[in-house]
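This report concerns only the one structure given below.
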Amino acid sequence: MPLVLVIHVLAAVIWVGGMFFAHQILRPAMQPLEPGIRLPLWSRTFARFFPWVWSAVILLPATGYFLMGRWFGFAHAPLFVNLMQGLGIIMILIYLHVFFAPYARLKRALAANDLPTAGQAISQIRVLVGTNTLLGLLTIAIAVAGGH
Ligand code: HEM
């Protein structure tokens, strides 16, 4: 149980911490760069970050539902766990949308040297990652406060 909980929390830390860094630190720091430099740099950044996010979106529910076993089902789990689960599912759906829609468009646009379309895709990713960062921080707050 403790090992499963550690994996669960490390997955949350890596995913939410990575989004916080990208949105709050890297994004403003990259702002002065020319689009021709900045947009491919974002694409390379995501290419390195997203495999970690894939691990997190698989490990969080896998370990989470394993941990839930101790209440023998959803109906018996405390409210904070059901909130965590609900927010977690929303976060995962948002990530899947980012990966398969705007991120795919970003890669296609950059391959075609279409910087305006790539810029639109990045704007969409920014809004969705900003939303997921807030949801992630809220989920962690609920998980930790609810557990104590
Ligand atoms: C996707 C479905 C998820 C399920 C089913 C789930 C389920 C659980 C369960 C059962 C626990 C143990 C609670 C306890 O034993 O008191 C737990 C702990 C925790 N979860 Fe989740 N979780 C999910 C997603 C997430 C997400 C997305 C995050 C953060 C972004 C998160 C963050 C945490 C944290 C920080 C703890 C540790 C709380 C503590 O012990 O103080 N979980 N989760």
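A crude spin-label estimate for the pair Leu96 and Ala111, with each label 7 Å from Cα along the Cβ direction, gives 2.3 nm. On the chain, 74 percent of the accessible area sits on carbon and sulfur atoms, based on a 1.4 Å probe. Rounded to whole numbers, the Karplus 3J(HN,Hα) couplings from phi for the stretch 45-58 are 4, 5, 4, 8, 7, 5, x, 5, 5, 4, 4, 5, 6, 8 Hz, using 6.51 cos²θ - 1.76 cosθ + 1.60 with θ = phi - 60°, and x at Gly and Pro. Contact order for the chain, expressed relative to its length and based on alpha carbon pairs under 8 Å spaced 6+ residues apart, stands at 34 percent. Could you work out which residue, out of Gly136, Gly36, Gly73, moves most in a Gaussian network model of the chain, that is, has the largest mean-square fluctuation with Cα springs under 10 Å? Among Gly136, Gly36, Gly73, the largest GNM mean-square fluctuation belongs to Gly73. Comparing Val13, Val81, Val127 in a Gaussian network model of the chain (Cα springs below 10 Å), the most mobile by mean-square fluctuation is Val127.
Shape annotation for the stretch 2-147: C-alpha extents along the principal axes are 53, 25, 23 Å, from largest to smallest. Probing with 1.4 Å while keeping every protein chain in the model, the per residue accessible area of the stretch 57-148 equals 56 Å².
So what's the angle, to the nearest 10 degrees on a 0 to 90 scale, between helix 79-100 and the longest Cα principal axis of the chain? With both axes taken from Cα atoms, the answer is about 20 degrees.
The values are calculated or read from the model by the stated rules, or taken from the named source; none is laboratory data. No experiment lies behind these values; they were computed from the predicted model shown. Cβ atoms come from the backbone with ideal geometry, glycine included; neighbour counts cover every protein chain shown. Heavy atoms of the whole protein, side chains included, go into the accessibility calculation; ligands, DNA and RNA do not. Shrake-Rupley method; radii C 1.70, N 1.55, O 1.52, S 1.80 Å.
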